[in-house]
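What follows is a short report on a single structure.
The values are calculated or read from the model by the stated rules, or taken from the named source; none is laboratory data. Quick caveat, the model's predicted, so the values are computed rather than measured. Side chains are part of the model used for accessible areas, which takes the heavy atoms of the whole protein and leaves out ligands, DNA and RNA. Shrake-Rupley method; radii C 1.70, N 1.55, O 1.52, S 1.80 Å.
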Amino acid sequence: MAKPTPLQMRNALAAVLMAAGFIWAVVTGAPWWLGAIFAVGTLLSCASIYLNRPGANS
């Protein structure tokens, strides 16, 4: 298993924070669009982790 790159680590942190924001938005009853922003941010961060894995370009 390859060591994660610094970009992957940053994206993992962003994904965790976005997921926490989504949970906060749902629990506090924030507007639906705020939860949607956090959800999309989580999905994009996870996709970036996958696409920036070592050996993805070969």
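For the chain, the solvent-accessible area works out to 75 Å² per residue, with a probe of 1.4 Å and every protein chain left in place. Carbon and sulfur together cover what percent of the accessible area of the chain at a 1.4 Å probe radius? It is 76 percent, rounded to a whole number.
Structural size metrics of region 1-56, computed from C-alpha coordinates, are Rg and Dmax of 13.1, 42 Å.
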